[in-house]
Structures are given as C-alpha cells and as structure tokens.
Amino acid sequence: MRFFPVRATLAILLALAAPVVLGAQSGSSQKTSDLTTVGSLSELPVDILDELGGVAAIADIGGNFNPTCVSQPGVPNSRLVRAAISPKLAQITVEHGGIVRYVETLEFRKRAGKWKLAQQANEAGR
C-alpha cells in the first residue's frame, strides 16, 4: 500500500506527457500552451533548418540516421526528436550519433525577423 502514491504519480506523469510525445512522433502538429508541436522538419522555418545544418544534415522525426560511429554513406548523423514553435520561440531536440551519442535541446528566439540560437543543452549517453 505504501507504494501506491508513487505509482499513481508516475501514471499521472506518463498520462500528461504521452500526448506531447505522441503528437511529435505522429507527424502532425499539435497545440500545447503557446507552443505548437511540430511533426516534421518541413514545418520548421528556414533559419532554424540552416542552424541545424540544412535538410540533408538531419533526419526527420523517426527517420533513419547514423546512431553510432559506423556511418552509412548518405545517411545523416543527426535526427530531429521533437520540436515546438510559437511566433517568437522555438524549442528543438536533436539526437546526434557517433562515438558519444547524445541528445541536444536548442532554444531559438525570433529577433528582428530572424531566428537565432539563444540556448543549448546537451545530455550524453542516450
């Protein structure tokens, strides 16, 4: 009985997180607060795509990419995990392959009509 609150809390957290994650992976946009979840690279502004290295440098959500240091020719070494955008803010999460596989979360802000990288955070070992 004493573990019930922990299980209930985990169940609630999973239930709240699932729609955001599923929306991002399904290829469809979904509104969450001021940010709209983006379902594909094609929905990102060109300025942000350029910062990510262009369309050829990154795979779309769920797409094939090189997760390890063994690379397949013509396959990107990075993949879009999820993205959410508002008129002035974009949050982008990218998975990078290689010897040290890691996930990077980028925050872009729109200033003077252009999207600029404002913040970056890495999480290694995924």
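Only residues that are surrounded by 17 or more Cβ atoms within 10 Å (Cβ to Cβ) and within 16 Å of G53 (Cα to Cα) were counted in the range 105-114, giving 2. Only a single criterion out of (1) under 21 Å from D34 (Cβ atoms); (2) out of contact with any helix residue (DSSP H, G or I) (no Cβ under 9 Å at 6 or more places or on another chain); (3) among the basic types (K, R) is not satisfied by K114, namely (2). Across the range 51-67, the qualifying residues are those that are outside any loop (DSSP other than H, G, I, E, B) and at pLDDT 95 or above, and the one among them that is nearest to R109 (Cα to Cα) is I58. Being among the basic types (K, R), more than 15 Å from F65 (Cα to Cα) and either in a strand (DSSP E or B) or more than 10 Å from the chain's Cα centre (by Cα) (or both) is a property that R79 lacks. Residue count for the range 82-100 satisfying the condition of being surrounded by 16 or more Cβ atoms within 10 Å (Cβ to Cβ) and in a loop (DSSP other than H, G, I, E, B): 1. Out of all the residues in the range 107-126, which are assigned to a strand (DSSP E or B) and within 16 Å of S78 (Cα to Cα)? Q120, A121, N122, E123, A124 - these are the residues of the range 107-126 that are assigned to a strand (DSSP E or B) and within 16 Å of S78 (Cα to Cα).
The values are calculated or read from the model by the stated rules, or taken from the named source; none is laboratory data. These figures come from a predicted structure and were not determined experimentally. Counting neighbours? That spans all protein chains shown, and the Cβs are built from the backbone with ideal geometry, glycine included.
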